[in-house]
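Below is one structure; the comments refer to it alone.
The values are calculated or read from the model by the stated rules, or taken from the named source; none is laboratory data. This is a predicted model, so every value here is computed, not measured. Quick reminder, even Gly has a Cβ in these numbers, built from the backbone with ideal geometry, and neighbours come from all protein chains shown. Only protein heavy atoms, including side chains, enter the accessible area calculation; ligands, DNA and RNA are left aside. Shrake-Rupley method; radii C 1.70, N 1.55, O 1.52, S 1.80 Å.
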Amino acid sequence: QVQLVESGGGLVQAGASLRLSCAASGRILSYWTVGWFRQAPGKEREFTSVIRWNTGSTFYADSVKGRFTISRDNTKNMVSLQIDNLRPEDTAVYYCALSPRIASPYADPASYDYWGQGAQVTVSP
């Protein structure tokens, strides 16, 4: 069982920045995929960003392009999400997720097998 642990959430004011981190318990293989999703109360889990582990190729939801940046650290088995210019509508629990394959479709939560416990991000007006 792969364990993922998120950190870096908190309460911030609109316009501020946060950096979320996700640490994996084991080695992430080159053909695996890691994504960040978020879920607000009463809403479905939403895709934000994804990274292909071996190449570092990234893809983003249109709603977060230009503000979210996903990155990896191969030696530390860690993925980060830099969020700039936070908005109140970004308020949600943020989850990192891992697919032990080339996830397809990468924006579908069902494509991922392992999930972290979630990190709360709250953005005040």
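Of the numbered criteria (1) touching a Ser or Thr at 6+ places or on another chain (Cβ under 7 Å); (2) assigned to a strand (DSSP E or B); (3) open to solvent by less than 40 Å² (accessible area, probe 1.4 Å), the one VAL34 fails is (1). Listed by position, the strands (runs of 3 or more DSSP E) contained in the range 68-125 that have at least 2 residues being within 11 Å of PHE37 (Cα to Cα) are 92-99. Among the residues of the range 71-117, those that are open to solvent by 40 Å² or more (accessible area, probe 1.4 Å), within 12 Å of ILE28 (Cβ to Cβ) and either of a type in the set (S, T, N, Q) or under 10 Å from the mean Cα position of the chain (by Cα) (or both) comprise ASN74, THR75.
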